[in-house]
1. Roughly how many debye, to the nearest 20, is the charge dipole of the chain about its Cα centre, given +1 on each Lys and Arg Cβ, -1 on each Asp and Glu Cβ, and no other charges?
2. Can you sort 211, 370 from fewest to most other Cβ atoms within 10 Å of each residue's own Cβ?
3. Rounded to the nearest 0.05, what FRET efficiency is calculated for residue 521 and residue 568 with R0 set to 25 Å and r the Cβ-Cβ distance?
4. Which of the aspartates and glutamates could a cross-linker bridge to residue 492, judged by Cα under 12 Å and excluding same-chain residues fewer than eight apart?
5. Give the residue from 131, 197, 178 lying farthest towards the positive end of the charge dipole for the stretch 114-273; charges sit on Cβ (+1 for Lys and Arg, -1 for Asp and Glu) and the dipole is referred to the Cα centre.
6. Loop only per DSSP, at most 15 neighbouring Cβ atoms within 10 Å: give me the GluC sites (Glu not before Pro) in the stretch 292-391, ordered by residue number.
7. So what's the gap between the Cα centers of the stretch 201-229 and the stretch 491-560, to the nearest angstrom?
8. As an exercise, find the ratio Rg/Rh for the stretch 540-692 from alpha-carbon atoms, using the Kirkwood inverse-distance average for Rh.
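Computed from the coordinates by the stated procedures, all read-outs in this text should not be read as laboratory data. Please read these numbers as outputs of a predicted model, since none were measured by experiment. Reconstructed Cβ throughout: ideal geometry from the backbone, glycine too, with neighbour counts over all protein chains shown.
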Amino acid sequence: MRKLLPLIGNRHGGGRSALTCRYRCGDACFHEVPNTSDNEYAGDVIARTLSRRNVMRAAAVVTVAGAGATSVVLAGNSTPANATPAPDAQAAAAGADGLGARGLRFKPVAPNTADQVTVPEGYAQNVVIKWGDPILKGAPGFNPDKQTAAAQAGQFGYNNDFLSLLPLGGDYERQQLLVANHEYTDENLMFKAYDPANPTREQVEIAWAAHGLSVVVVQEDHRSGKLTAVTRHQLNRRLTATSEFRMTGPAAGGNLLKTSVDPSGTKVLGTLNNCAGGTTPWGTTLHGEENFNQYFANAGKVTDPAAAARLKRYGMTTGESERKWERFDKRFDVAQEPNEANRFGWVVELDPYDPNSVPRKRTALGRFKHEAAQPRLTEDGRPVIYMGDDERFDYFYKFVSSKRMKKGKSRADKEHNLTLLDEGTLYVAKLTGDSPADQIDGSGKYPSDGQFDGTGVWIPLATGTTSHVPGMTAEEVYVFTRQAADKVGATKMDRPEDVEPSPRTGRVYVALTNNSKRGTAGQPGADEANPRNANKHGQILELAESFDDPAGDAFAWRLFLVAGDPNDPATYFAGFPKDKVSPISCPDNVAFDPHGNLWISTDGNQLGSHDGLFGVATAGPQRGELKQFLTVPRGAETCGPLIQDKRVLVSVQHPGEIDGASVEKPQSVWPDGPGKMVRPAVVSVWRKDNRNIGV
Ligand code: FEO
Ligand code: CA
Ligand code: CA
Ligand code: CA
């Protein structure tokens with residue numbers, strides 16, 4: 001019998017501290033749910049029209065796969081199992097064809113509250129780079145007592161999140177290019193005697209410089225998975241809240257993106273709240289601008305009803321913002337500069353190999369609270385990108401490019417690939433369960449067919465400059481994507497976070513982190529894809545499009561994992577015996593290892609343990625055997641997971657961010673021990689015997 005840690009009382013919707021809620025997402029959980037649309041009705045006509053032919057097509061996928069083809073399949077179990085979760089026999093069998101992973105062989109880390117990074121027996125770790133470490137020429141070493149905005153602009157930023165490692169090759173085969181997001185700042189943990197009501201200009205400018213992205217060359221140790229930052233390398237780069245970015249794609253240059261400072265509607269200063277992201281097959285990185293709303297003030301002063309409704313749908317701050325940036329730059333005041341906020345909430349594409357390139361915000365991918373963006377290619381080479389809008393009751397999207405990637409290395413090919421994300425179709429997902437609605441009672445009890453599963457359609461929102469949404473122009477669809485999706489009847493999900501397509505099977509995995517409001521008064525109740533009311537622990541949805549045609553508009557889906565304490569009957573681990581899995585709560589980021597195992601990091605564990613990183617096979621006999629690989633220090637969340645053959649890289653974000661914490665009263669001693677400032681950092685983990693991770 002598993003020994004569980006005591007449940008820790010927490011007044012927040014997730015397992016986060018109030019400090020994290022406030023600085024990371026602008027207290028999103030305490031505000032009204034921004035999605036008040038009644039879209040189940042408005043979209044029925046469109047969805048019905050699409051679904052007739054699509055559901056038939058999805059069924060065809062199932063049939064073809066059943067005949068042994070390589071297409072993915074999400075067939076429901078044919079034998080009703082009387083409300084007992086059915087083992088995914090067919091999915092497990094899919095592992096036999098060599099597409100599936102072998103499962104993971106390490107001794108799981110037990111749930112714990114140790115103020116350190118805890119790794120499995122036989123594994124070692126090092127801190128690769130920390131907030132404030134100098135990375136550009138001329139940048140000083142970290143000195144919190146003498147910190148300046150200029151120093152911070154040459155140092156690694158705060159609260160590292162998404163991580164990518166790109167090869168340098170040639171003579172530099174033991175070096176890689178590390179790209180990191182810096183999601184947000186927590187001024188209480190950055191500045192001594194910080195007064196949230198009266199931040200100084202210097203503090204605000206340091207915070208601007210601590211946001212954004214970092215590019216840092218890292219050196220591999222030849223005997224281990226240890227990584228060391230190469231400071232002052234010519235490819236090292238910082239992009240901050242004041243660096244130049246360019247808007248591209250169909251909404252760029254339009255009236256909705258023009259400001260008094262930028263009448264072109266194409267030049268933006270900065271990127272904000274970069275959460276997770278992705279790495280493209282053409283060698284660039286993608287970065288989701290997530291809770292951008294919290295940086296903008298005074299939406300309550302906007303009197304035009306249409307403009308006010310748009311601001312409300314994005315949860316914009318009605319009065320002063322938390323960090324008071326509007327006092328130092330009027331672009332953060334929507335009452336004075338109404339379109340500046342329209343220039344945030346995009347997916348950013350960066351070419352980390354070119355230190356002089358201007359990163360681009362891709363309007364064709366829509367504007368919402370972008371968690372991440374991980375591409376895959378269609379058979380004919382067009383990128384498909386799956387994207388979650390991380391808000392309770394918001395939506396799951398995909399973008400399909402109309403252009404094919406070029407595989408050559410010439411300058412012309414590279415230039416071409418940098419236009420792939422500017423042309424295509426943006427879709428939003430509508431999911432339909434296959435069990436009778438009265439069998440989905442909100443408790444997580446399984447329906448009589450033994451699966452939370454069904455089919456779905458991708459509803460097109462816009463293609464280039466053509467809108468598919470009645471009453472909205474294409475430009476409006478891209479800039480106010482949430483409202484466009486409301487109108488076509490998209491499915492309200494439990495906070496869609498990171499999404500990852502399996503490079504082996506083509507199946508797509510969507511982390512739905514939690515939704516404490518599901519089924520509460522005035523809010524939508526459970527449905528088959530979001531089957532638990534007051535959902536504390538979240539779930540992972542598995543989706544299959546035709547393997548040959550991820551550009552299609554139909555899919556099949558089922559829940560791969562219903563998270564929580566395995567002793568809770570409402571949990572599900574793809575049918576794997578529940579006495580042999582690790583407890584998991586609040587899945588957030590997802591990544592695949594080279595063998596096809598899915599790795600999941602968590603944010604806001606509700607089971608009394610610190611957050612962690614988990615690995616699980618998605619096919620083969622070990623499908624569903626979830627194992628905890630590491631845990632992070634007090635107050636931290638695990639993000640940015642990246643799994644190479646011999647190395648696991650994670651972001652330890654917001655260590656010590658516990659209610660009441662400050663520089664004077666630290667709540668964690670990580671990473672440098674007592675008396676030293678708590679610092680977010682990147683950690684590399686490897687096997688002491690230098691063999692491959694988990695195999
Ligand atoms: Fe920044 Fe959705 O987590
Ligand atoms: Ca079902
Ligand atoms: Ca996240
Ligand atoms: Ca990911």
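1. Working: 79 positive and 82 negative charges, 213 e Å.
Dipole size: approximately 1020 debye.
2. On the way: 211 26, 370 30.
Final ranking by Cβ density, sparse to dense: 211, 370.
3. Working: r = 24 Å, r/R0 = 0.97.
Given R0 = 25 Å and the Cβ-Cβ separation, E is 0.55.
4. Within the straight-line limit of under 12 Å, residue 492 reaches these aspartates and glutamates: 38, 40, 389, 390, 391, 394, 527, 528.
5. The one lying farthest along the dipole's positive direction is 178.
6. Working: sites: 320, 322, 326, 340, 349, 371, 379, 391; in loops: 320, 322, 371, 379, 391.
Of the GluC sites (Glu not before Pro), the ones in loops of the stretch 292-391 whose Cβ has at most 15 other Cβ atoms within 10 Å are 320, 379.
7. Between the Cα centres of the stretch 201-229 and the stretch 491-560 lies a distance of 33 Å.
8. On the way: Rg = 17.6 Å, Rh = 17.1 Å.
In the stretch 540-692, Rg relative to Rh is 1.03.
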